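The values are calculated or read from the model by the stated rules, or taken from the named source; none is laboratory data. Source: prediction; values computed, not measured. We place every Cβ from the backbone using ideal geometry, glycine too, and count neighbours over all the protein chains shown. Ligands, DNA and RNA are excluded from the accessible area calculation, which covers all protein heavy atoms including side chains. Shrake-Rupley method; radii C 1.70, N 1.55, O 1.52, S 1.80 Å.
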Amino acid sequence: MKNFNIPLIYRSEFITQVKSLRDAADPKRKDYTPTRLDFGSVEILLARHFGFCYGVKNAIELSYNAIEENPDKRIFLLSEMIHNPEVNADLKSRGVKFIFEPDGRQAIAWNQLNKDDIFIIPAFGTTREIENIINRIKPVTLKYNTTCPFVEKVWNRAYEIGMKGFTIIVHGKYYHEETKATYSHSSMNSPTIIILNLSEAKIIGGYILGEISKEYFLKYFEGKYSEGFEPEKHLEKIGVVNQTTMLASETQAISDYLSGVIKIKYGEKNLSEHFADTRDTLCYATHDNQNATYSLLNENADLAIVVGGYNSSNTTHIVELCSEKVPTYFISSAEKILSDNKIMHFDINKKEEIITENFLNRSKKPEIILTSGASCPDAIVEIVMNKIVSLFDYSRSQEEILSDLKIYYQNSKTDNY
């Protein structure tokens, strides 16, 4: 895999060494068990996979290249580079301006921009409409298009099956930048509809099977299907693609459900004529991070701390998974750990920060899950880890822990070479 030039401020020497030890023992990265870090008075269960994915690393490298290579020009990001407040704040501090706010409001009018400006497309990609606007302002190939290659893979797959007459069902959050971009690219070539979850997939299934009226269908999905969408015609041949940060298991459940509906409607022997196989669009990083989370939850942990931006979709899904098993605290930085008995964390249901007291059980040596989303720097995770350890009286050094891990993983290399 390509090595990226990531700014030092985002790196963690300790976590880099831990990940390197794991990769050396498991080069195919299929061992999802967490790394146990015994700090003496507390044990940290560090997820096998977390932190910057390929697409995020690529976006960060290109963005900082844009700053370095254009010292005398104005630089504009279409929207947040990734959903992490520290990364976006640092880009702003270096003079980068954001055209759109996180809530979708346009902060800088198009008529304020000119052909000498530098434009950066974020990792989520952007819509065809915005691409056309930029090309009219600056009619050249965008050097700093940081769209994640796995997002582009979804677009390409949607195009392929769309050209074969299939309608595209996008599993995603309709307000998310990536879903908007995927919908825009897909709807240029084929009928497209956005669904949020399995419940909404069942409304589609209900219509296909004649259990739901056309009027109800069109009213329910109003604003979420392409112009001229005719369900009686456009739901005869369907394929599912996803916002790459959605729960992979939910995308698969949606595909399995709709495949079953098509079998009932048209017969199993005709399945391939009416349902496109799109399993190859699932993002490897989302898949690995979510599998690593499932493995964390097999441990007998006391609580989980998940680090990342509150508007990060993939991080929110990790929080959802952890919350099903253990008390889970979603924080953006170490500063949210207010003391040894108080933590400020984001409630994903209330959509606001709340304070929880006595979050640490000191009646025994606690085991604490620690992980992050794909847009969170390892440096922030390490700072959170150090803050947790500092709440306890006795702790072993990172050097001691790394020494133990080296011995352990050298003696337990997998056969996955």
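Could you grab me the full set of residues in region 97-142 that are closer than 25 Å to Thr244 by Cα, of a type outside the set (Val, Ile, Thr) and either touching a residue at least 60 places away in the same chain (Cβ under 8 Å) or touching a Phe, Trp or Tyr at 6+ places or on another chain (Cβ under 9 Å) (or both)? Passing the criteria: Phe98, Pro102, Asp103, Gly104, Gln106, Phe119, Pro122, Ala123, Gly125, Arg128, Leu142. Would you check if Lys350 is of a type in the set (Lys, Arg) and either closer than 23 Å to Ser295 by Cβ or open to solvent by less than 10 Å² (accessible area, probe 1.4 Å) (or both)? Criteria not met by Lys350. Filter region 31-62 for residues that are open to solvent by 50 Å² or more (accessible area, probe 1.4 Å), in contact (Cβ under 8 Å) with a residue 60 or more places away in the chain and either among the polar types (S, T, N, Q) or under 19 Å from Leu370 (Cα atoms) (or both) and give the result. Selection gives Thr33, Asp38. Within region 222-252, the set of residues being open to solvent by 10 Å² or more (accessible area, probe 1.4 Å), closer than 17 Å to Glu200 by Cβ and hydrophobic (A, V, I, L, M, F, W, C) comprises Phe229, Leu247. From Asn65, Asn84, grab the single residue that is out of contact with any strand residue (DSSP E or B) (no Cβ under 6 Å at 6 or more places or on another chain), crowded, with 20+ Cβ neighbours inside 10 Å and polar (S, T, N, Q). On inspection, the qualifying residue turns out to be Asn84. Residue by residue through region 11-30, note down the ones that are open to solvent by 10 Å² or more (accessible area, probe 1.4 Å) and not in a helix (DSSP H, G or I). Arg11, Pro27, Lys28, Arg29, Lys30 - these are the residues of region 11-30 that are open to solvent by 10 Å² or more (accessible area, probe 1.4 Å) and not in a helix (DSSP H, G or I). When Ser375 is evaluated against the numbered criteria (1) in a loop (DSSP other than H, G, I, E, B); (2) more than 26 Å from Ala123 (Cα to Cα); (3) open to solvent by less than 80 Å² (accessible area, probe 1.4 Å); (4) in contact (Cβ under 8 Å) with a residue 60 or more places away in the chain, which criterion, by number, is the only one it fails? It fails just one condition, (2). Residue check: Glu367 meets all listed conditions (1) at pLDDT below 95; (2) within 22 Å of Leu296 (Cα to Cα); (3) open to solvent by 30 Å² or more (accessible area, probe 1.4 Å) but one, namely (1).
Given the options Phe359, Phe392, name the one that is under 22 Å from Thr316 (Cα atoms) and not hydroxyl-bearing (Ser, Thr, Tyr).
Phe359 is the lone residue from the list that is under 22 Å from Thr316 (Cα atoms) and not hydroxyl-bearing (Ser, Thr, Tyr).
For residues that are outside any helix (DSSP H, G or I) and in contact with a Phe, Trp or Tyr (Cβ under 8 Å, 6 or more places away or on another chain), scanning just region 232-275, find the one that is nearest to Ile82 (Cα to Cα). Selected residue: Thr244.
Candidates are the residues of region 33-56 that are out of contact with any Lys or Arg (no Cβ under 8 Å at 6 or more places or on another chain) and of a type in the set (Phe, Trp, Tyr); the one that is nearest to Thr315 (Cα to Cα) is Phe50. Taken together, the residues in region 216-241 that are touching a strand residue (DSSP E or B) at 6+ places or on another chain (Cβ under 6 Å) and more than 18 Å from Tyr183 (Cα to Cα) amount to 0. If we scan region 98-118, do we find a residue that is touching a Lys or Arg at 6+ places or on another chain (Cβ under 8 Å), polar (S, T, N, Q) and part of a helix (DSSP H, G or I)? No, because not a single residue in region 98-118 is touching a Lys or Arg at 6+ places or on another chain (Cβ under 8 Å), polar (S, T, N, Q) and part of a helix (DSSP H, G or I). Residues that are over 22 Å from the mean Cα position of the chain (by Cα), within 17 Å of Ile44 (Cα to Cα) and open to solvent by 20 Å² or more (accessible area, probe 1.4 Å) within region 328-347 comprise just one, Asp340.
Rundown of residues vs (1) under 18 Å from Asp277 (Cα atoms); (2) within 21 Å of the chain's Cα centre (by Cα); (3) buried (at least 24 other Cβ atoms within 10 Å of the Cβ), yes/no style:
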| site | (1), (2), (3) |
| --- | --- |
| Pro149 | no, yes, no |
| Tyr174 | no, yes, no |
| Pro191 | yes, no, yes |
| Ile195 | yes, yes, no |
